[in-house]
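Input: a single structure, listed below in structure tokens.
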Amino acid sequence: MSWWGKYLFINLTERKWDAYHVNEVIVRKYLGGNGIGAYLLYKLCKESVDPLSGENPLIINTGPANGTLVPMASKFCVVSKSPQTDGFTKGFCGGEFGQELKFAGWDGLIIVGSSQEWIHIHIENDKVYLLNAENLRGSLTSVTQQKLKEKLGEDIKTLVIGPAGENLVRYACIISDLRAVGTGGMGAVLGSKKVKAITIRGSKVVRPLNPERLINFVKAFEKSVYEHPGVKNLIKFGTAAGVMHLQYLGALPSYNWQKETFDLAENISGEALREKVVKDVSCFGCIVPCGKYSVSKDTFTVGPEYEGIFAMGTLIGNGNLNELISLDRLTDELGLGQIQTGGVVAWAMECYERGILNREDVDGLDLRFGNTRDVKRLLKKIAFSEGIGNILAEGSERASQILGVGGDFLMTVKGMEIAGHSPRAVKTQALGYAVSNRGPVHCDIRPGIEENNIIPFANPKDKGKISKDLAVWTSVVNSIIYCLSAERVVGLKLNEKILEMVNAVMDWELQMEDLYRIGERIYTLERLFNVREGFTREKDALPNRIKKEASERGYITTQEELNEMLDEFYEAFGWDKDGKPKKETLIKLSMGELVYDV
Amino acid sequence: MMVRLLGYLGYIAGEQIVKIGEVTSVREVLNEVAKRKGIGNLLYSGDGIWEGTLFILNGRVIQNLEEPVSEDDELVITFPTAGG
């Protein structure tokens, strides 16, 4: 059926594992994926634990739509406490690992404790093996995956970390095949547990609870997918189509956000990338092949996605597409989360260009914007924690504190570098970066509705209330788990189509207000996790540059604007002025058991 | 005036930049562009324009399709894109 009701709970310290049951009451409250991940983390992670200790659980989670016929429902979710923000984090990844987890008979994995030696976890349906992984230490992500496939068979699905995760780089990612769980530093969490890889093979069948109902939904859904011009755009150009869109909007960040246009944007646009694409690829069961196998002179990659073009292109002043493909590959091979890596490198480059860091400070590298040769050297230093790389591995905010420089142009919120959508121009994104429970990402409060002028562009009016609806919507989407790339087809807020999907997958009869309540509950639970960690309104901030330096087109988001949007957002959610959920809100959301936590 | 067709629009039109003459409003520009093979269905859904299709006139996002245009203007038409 769409959910098994059990997770594989692995205690690495004790080298024991067992089934961990999640009953239907919890599923009805939190759905799956993001929601149940937040529930499990809140329950299993004690207050104030070190994210890089065995006490921090790592939860790899599927959603009820995964492994079913629903198109664009291929992603899985990873939840933990972030070593970058010291708060709640979650990340999503396409490919095939999530479905295989479901086919092995598990809704997810809960990993606690830490191993004494480097291990590789292998799962074959109900059987679990903790295998020695010393021979994989230091290896690149593609090499690790290839070795595992040679040993266990080409059909296994893999999830690995690179040298960055092994060396506890705070923004290390997890790689699955050629895709990444990029945000939150969960590669470092896995590295702290000394888990180099997880492989899985399953042979069970996910049977829909009501096959006829699901098939009817899927038929109508598929038709609407193919009709939509936005999907055609995505299939042809991938998410890289966003480059010129944002360039003409004056919202394409460059040179560590000193500018919001990039003079070489056309060279690294979706249209230019198309010339390098040799194959369009899709995730498991997806009918929208938005992944682009692209080749450069010396390598290939899947992508770069828009965020990769931002992080390894515009942000660091790189307008060379071959170099961009090469850097995209290198970050994946080293297991570095791309958005944050780009943010850290761009910050170091601005320090260098302003003479705050000199050549000696950065191990002899020439860190002028656009010098990709030395960026590659720097990435290796970060991943292996060598020299200046060891400091930058902490992230730009911590590095600034260690070095005592560059605080004026940090582009961070909650200790994490911001993603590639403009918080100066896009007000929902400004608020989204400030309040998102996992730090400044573009995937919780989404920018698309404003970047496409469906709601007024660059205008803060009502954006607090609208952003609440966006947060509720993505909480549901990320819990049933279908890809956010379907947002144009399914809708940019909760609607009848999403309700129909949830009801068809679960064979439920929810009403819209029930579904909305689930989204509110999930987002509020994430917030509660952060409140328990001591987060207050003070953490819901924006970088100074966004508030004080206007872009070329004159866009800026002031502290006053942010304050107004924050007040409106908190009030819409039923939180107090400090951003703490009120007791009556928890009771209204059937979370009364948590009242004493606030 | 110059019209830039980004992404799939430009791909289907076979050119990313098209010149259009004797138009006085953004709506008239659209009507002219839509006459090109394969473009009409990409711009229009039923009686209206696909939600999220964006019009940027001389660097400024416009709300109103009756906005006047002149010979020296540049209009960018771009599609919604999404990604996770």
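The values are calculated or read from the model by the stated rules, or taken from the named source; none is laboratory data. In this text, all values refer to a predicted model and were calculated from it rather than measured experimentally. Note: ideal-geometry Cβ built from the backbone for every residue, glycine included; neighbour counts use all protein chains shown.
A:Gly138 falls short on exactly one of the conditions (1) surrounded by fewer than 17 Cβ atoms within 10 Å (Cβ to Cβ); (2) within 30 Å of A:Tyr482 (Cβ to Cβ); (3) touching a helix residue (DSSP H, G or I) at 6+ places or on another chain (Cβ under 9 Å), and that condition is (2). Please find, within the stretch A:216-239, the residue that is nearest to the chain's Cα centre (by Cα) out of those that are among the aromatic types (Phe, Trp, Tyr) and farther than 26 Å from A:Gly270 by Cα. Among residues in the stretch A:216-239 that are among the aromatic types (Phe, Trp, Tyr) and farther than 26 Å from A:Gly270 by Cα, the one nearest to the chain's Cα centre (by Cα) is A:Phe221. Remark: pairs (first residue in the stretch A:302-314, more than 10 Å from every other protein chain (Cβ to nearest Cβ); second residue among the β-branched types (Val, Ile, Thr); Cβ separation under 6 Å; 6+ apart in sequence or on different chains) = A:Ile309/A:Val243; A:Ile309/A:Ile268; A:Ala311/A:Ile339; A:Gly313/A:Ile268.
Conditions tested, residue by residue: (1) within 14 Å of another protein chain (Cβ to nearest Cβ); (2) among the charged types (D, E, K, R).
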| position | (1), (2) |
| --- | --- |
| A:Ile174 | no, no |
| A:Ala188 | no, no |
| A:Lys194 | no, yes |
| A:Glu212 | no, yes |
| A:Glu222 | no, yes |
| A:His228 | yes, no |
| A:Gly238 | yes, no |
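The set of residues in the stretch A:240-250 being at the interface with chain B (Cβ under 7 Å from one of its Cβ atoms), among the hydrophobic types (A, V, I, L, M, F, W, C) and under 16 Å from B:Tyr11 (Cα atoms) consists of A:Ala241, A:Met244.
With the requirement that a residue be over 11 Å from A:Asn437 (Cα atoms) and either buried (at least 19 other Cβ atoms within 10 Å of the Cβ) or at pLDDT below 95 (or both), what does the stretch A:523-544 give you? Before the answer, list the steps.
From the stretch A:523-544, those over 11 Å from A:Asn437 (Cα atoms) are A:532-534, A:536-538, A:541-544; that's our starting set.
A:Ala541, A:Leu542, A:Pro543 - these are the residues of the stretch A:523-544 that are over 11 Å from A:Asn437 (Cα atoms) and either buried (at least 19 other Cβ atoms within 10 Å of the Cβ) or at pLDDT below 95 (or both).
So, A:Asp298, is that one under 21 Å from the mean Cα position of the chain (by Cα) and acidic (Asp, Glu) or not? Show your work before the answer.
Values: under 21 Å from the mean Cα position of the chain (by Cα): no; acidic (Asp, Glu): yes.
No; evaluated as a whole, the condition is false for this residue.
For the stretch A:97-123, a residue qualifies if it is over 17 Å from the mean Cα position of the chain (by Cα), under 18 Å from A:Trp3 (Cα atoms) and not basic (Lys, Arg), and the qualifying residues are A:Gln99, A:Glu100, A:Leu101, A:Phe103, A:Ala104, A:Gly105, A:Trp106, A:Asp107, A:Gly108, A:Leu109, A:Ile110.
Tally time: how many residues in the stretch B:60-74 are loosely packed, with under 12 Cβ neighbours inside 10 Å and either within 10 Å of another protein chain (Cβ to nearest Cβ) or assigned to a strand (DSSP E or B) (or both)? Total satisfying the criteria: 1. Restricting attention to the stretch A:193-236, the residues that are closer than 30 Å to B:Gly38 by Cα and without any contact (Cβ under 8 Å) to a residue 24 or more places away in the chain total 7. Exactly one residue out of B:Glu22, B:Glu32, B:Glu15 is closer than 27 Å to A:Arg274 by Cα and among the acidic types (Asp, Glu): that is B:Glu15. Taken together, the residues in the stretch B:32-43 that are surrounded by fewer than 16 Cβ atoms within 10 Å (Cβ to Cβ) and of a type outside the set (D, E, K, R) amount to 4. A count restricted to the stretch A:162-179 and to residues that are out of contact with any strand residue (DSSP E or B) (no Cβ under 6 Å at 6 or more places or on another chain) and crowded, with 24+ Cβ neighbours inside 10 Å stands at 7. Each residue in the stretch A:166-200 was checked for being of a type in the set (Lys, Arg) and more than 16 Å from the chain's Cα centre (by Cα), and 3 of them qualify. Taking A:Gln258 as the residue in question, decide whether it is more than 7 Å from chain B (Cβ to nearest Cβ), more than 23 Å from B:Ile62 (Cα to Cα), at pLDDT 95 or above and out of contact with any Gly (no Cβ under 9 Å at 6 or more places or on another chain). So A:Gln258 fits the description; yes.
Look at (1) modelled with pLDDT under 95; (2) closer than 24 Å to B:Gly10 by Cβ and you find that A:Pro253 fails only one, number (1).
Within the stretch A:68-123, how many residues turn out to be part of a helix (DSSP H, G or I), more than 14 Å from chain B (Cβ to nearest Cβ) and either in contact with a Lys or Arg (Cβ under 6 Å, 6 or more places away or on another chain) or not polar (S, T, N, Q) (or both)? So that I can check it myself, show each step before the final result.
Taking the stretch A:68-123 as the starting set, the residues that turn out to be part of a helix (DSSP H, G or I) are A:97-103.
Filter once more, keeping what is more than 14 Å from chain B (Cβ to nearest Cβ): A:97, A:99-103.
Narrowing the set further to residues that are either in contact with a Lys or Arg (Cβ under 6 Å, 6 or more places away or on another chain) or not polar (S, T, N, Q) (or both) leaves A:97, A:100-103.
Looking only at that region, the number is 5.
Against the test of being of a type in the set (Asp, Glu) and either facing chain A (nearest Cβ under 7 Å) or surrounded by 18 or more Cβ atoms within 10 Å (Cβ to Cβ) (or both), the options B:Glu22, B:Glu51 yield a single qualifying residue, B:Glu51.
Contact map, the stretch A:418-446: residues that are under 18 Å from A:Lys493 (Cβ atoms) paired with residues that are part of a loop (DSSP other than H, G, I, E, B) and of a type in the set (D, E, K, R), Cβ distance under 8 Å, separation 6+ or inter-chain. Pairs shown: A:Thr428/A:Arg446; A:Gly432/A:Asp444; A:Gly432/A:Arg446; A:Val435/A:Asp540; A:Ser436/A:Asp444; A:Asp444/A:Arg438.
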